[in-house]
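Participant: This structure is in structure tokens; I'll ask about it shortly.
A short reminder: the numbers here are calculations on the coordinates, not readings from a lab. Every value quoted in this text rests on a predicted model; they were computed, and no experiment measured them. Note that we place each Cβ from the backbone using ideal geometry, even for glycine, and neighbour counts take in every protein chain shown.
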């Protein structure tokens, strides 16, 4: 049987940390890597695990790539504090851990996303999946500030049938704040591959993002929540290029 290390990265997650740690209380090891939270995140985490570390945050990929080698075991389940492992997902992971030779190096895990008190089944979130269950010594994240992903080129990658629960945004203010933050980071990612920012970037790309989420990805089937998600995602695209303009002006 293979042992499992769970890694959770945090910053001011006192409302989430207990739930995620309780959902993985069956793991052999739980590691919390905190970015110097100013709330009770660390205090609560220490009730569940002795392995609570703090490190200055420079970006999501950097934080996770630093955390991965800290794990004691070959297999890692890496989570955000707003995610939960269901009992069925636990059993599926354990099924693989109980195999002598696991035929994959990493696994995609789908996510069920919840926002404004309901599950968002469409709006572009229906295909949401992340590589979070993987071999410690073979997997690292690419160097992106937004939507960082595990590099899987050359690896054997499987997919789990069960999904994570993802309580993605606490409320509208949290959603808007996160989109503003993502827009700043995304401007860094897009700087080298974007030419001069024009009206096309500031008007038509946000408009297309709205149409994509609301119509092409069936956001209208999520009702008012789908309209909110589609609108805010479009606003995030506008902010990305507005931030890019400001970034270049200051440079």
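Participant: Does the stretch 115-218 come out rounded, prolate or oblate, given a ≥ b ≥ c as the square roots of the eigenvalues of its C-alpha gyration tensor, rounded meaning a/c under 1.5 and, failing that, prolate meaning a/b above b/c?
Facilitator: oblate
Participant: Then there is this: Which FRET efficiency value, to the nearest 0.05, is calculated for residue 28 and residue 162 with the Förster distance at 22 angstrom and r the Cβ-Cβ distance?
Facilitator: Calculated transfer efficiency: 0.65.
Participant: Rounded, prolate or oblate for the stretch 1-89? Axes are the square roots of the Cα gyration tensor eigenvalues, ordered a ≥ b ≥ c, and the cut-off for rounded is a/c under 1.5.
Facilitator: In terms of gyration-tensor shape, oblate.
Participant: Assuming R0 = 35 Å, what is the FRET efficiency of residue 231 and residue 47, from their Cβ-Cβ distance, to the nearest 0.05?
Facilitator: Once the sixth-power term is evaluated, E becomes 0.35.
Participant: Next up: Using only the alpha-carbon atoms, how far is helix 87-97 inclined from the longest principal axis of the chain? Give it as 0 to 90 degrees, nearest 10.
Facilitator: 60 degrees
Participant: A follow-up question, please. Just how far, in whole angstrom, is the stretch 1-57 from the stretch 103-117 if you go by their alpha carbon centroids?
Facilitator: If you average the Cα positions of each part, the centres end up 19 Å apart.
Participant: Dividing the Cα convex hull volume of the stretch 4-167 by residue count, how many Å³ per residue is that?
Facilitator: It is 119 Å³ per residue.
Participant: Okay, next question. Suppose R0 equals 25 Å; then what is the FRET efficiency for residue 35 and residue 245 from their Cβ-Cβ distance, rounded to the nearest 0.05?
Facilitator: E between residue 35 and residue 245, to the nearest 0.05, is 0.30.
Participant: With a 10 Å Cβ neighbour count serving as the proxy for reagent exposure, in which order, fewest first, do 227, 97, 164 appear?
Facilitator: 227, 97, 164
Participant: How many angstrom lie between the Cα centre of the stretch 205-251 and the Cα centre of the stretch 150-186?
Facilitator: Comparing the Cα centres of the stretch 205-251 and the stretch 150-186, I get a distance of 16 Å.
Participant: When ranked by the protection proxy of mean other Cβ atoms within 10 Å per residue, highest first, what sequence do the peptides 128-139, 194-205 form?
Facilitator: Put in order of decreasing packing, that is 128-139, 194-205.
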